[in-house]
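Q: Below is one structure. I have some questions about it.
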Amino acid sequence: MRPDEFVTKWTTEAEVMRQRGVLLNGALLLEAILRDFDAVTRGRAGELLTLTDGATESGYSAEYLGALIRQGKIQNAGRPHAPRIRRQDLPRKASRLPDPPPSLKLVGATPRQIARAIISSKE
């Protein structure tokens with residue numbers, strides 16, 4: 001799980017708890033955990049990654065990241081013939097929506113069907 005996925009998951013969980021009025025102290029605890037996690041990950045933002053490691057984290061290929069460096073779209077934090085990318089400069093490939101937690105699943109409806117129904121509903 002990537003750090004941004006961790007934050008998204010636990011932010012959603014805290015909001016669900018708050019909306020349901022369940023475990024309000026649990027929601028406060030999760031928010032505290034998120035603040036601590038954010039502080040930890042900010043320290044990793046400047047870490048230098050190889051193109052291969054950057055590809056693993058970003059979802060883009062090492063070749064594509066190398067092309068972005070050659071085009072000047074991403075700064076080479078390494079040296080010629082040994083490029084590095086700062087973690088904070090990595091582009092992030094869009095991914096599919098994560099599966100909802102079991103408590104939010106509706107019988108017989110997929111998350112996509114629910115989203116489509118909400119978007120196309122008339123008020």
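Q: Can you tell me which residues in the range 41-56 are surrounded by fewer than 16 Cβ atoms within 10 Å (Cβ to Cβ) and touching a residue at least 40 places away in the same chain (Cβ under 8 Å)?
A: Arg44, Ala45, Gly46, Glu47
Q: Further question on the same structure: Considering every residue within the range 6-22, establish whether at least one is assigned to a loop (DSSP other than H, G, I, E, B) and at pLDDT below 80.
A: yes
Q: Which pairs turn up if I take residues in the range 79-90 that are assigned to a helix (DSSP H, G or I) and look for partners that are basic (Lys, Arg) and open to solvent by 80 Å² or more (accessible area, probe 1.4 Å) with beta carbon separation below 8 Å, at least 6 apart in sequence or on another chain?
A: What qualifies is Arg87/Arg44.
Q: Quick one: would you say Asp99 is buried (at least 18 other Cβ atoms within 10 Å of the Cβ), at pLDDT below 95 and not aliphatic (A, V, I, L, M)?
A: Against the criterion (buried (at least 18 other Cβ atoms within 10 Å of the Cβ), at pLDDT below 95 and not aliphatic (A, V, I, L, M)), Asp99 does not qualify.
Q: Please work out if Gly59 is modelled with pLDDT of 85 or more, at positive phi and open to solvent by less than 80 Å² (accessible area, probe 1.4 Å).
A: yes
Q: Could you tell me which residue of the range 31-40 is surrounded by the fewest Cβ atoms within 10 Å (Cβ to Cβ), considering only residues that are touching a helix residue (DSSP H, G or I) at 6+ places or on another chain (Cβ under 9 Å) and at pLDDT 75 or above?
A: Asp38
The values are calculated or read from the model by the stated rules, or taken from the named source; none is laboratory data. This structure is a prediction, so every number in the text was calculated from the model and none was measured. Virtual Cβ from ideal backbone geometry, glycine too; neighbours counted across all protein chains shown. These accessible areas exclude ligands, DNA and RNA; they are computed on the full protein's heavy atoms, side chains included. Shrake-Rupley method; radii C 1.70, N 1.55, O 1.52, S 1.80 Å.
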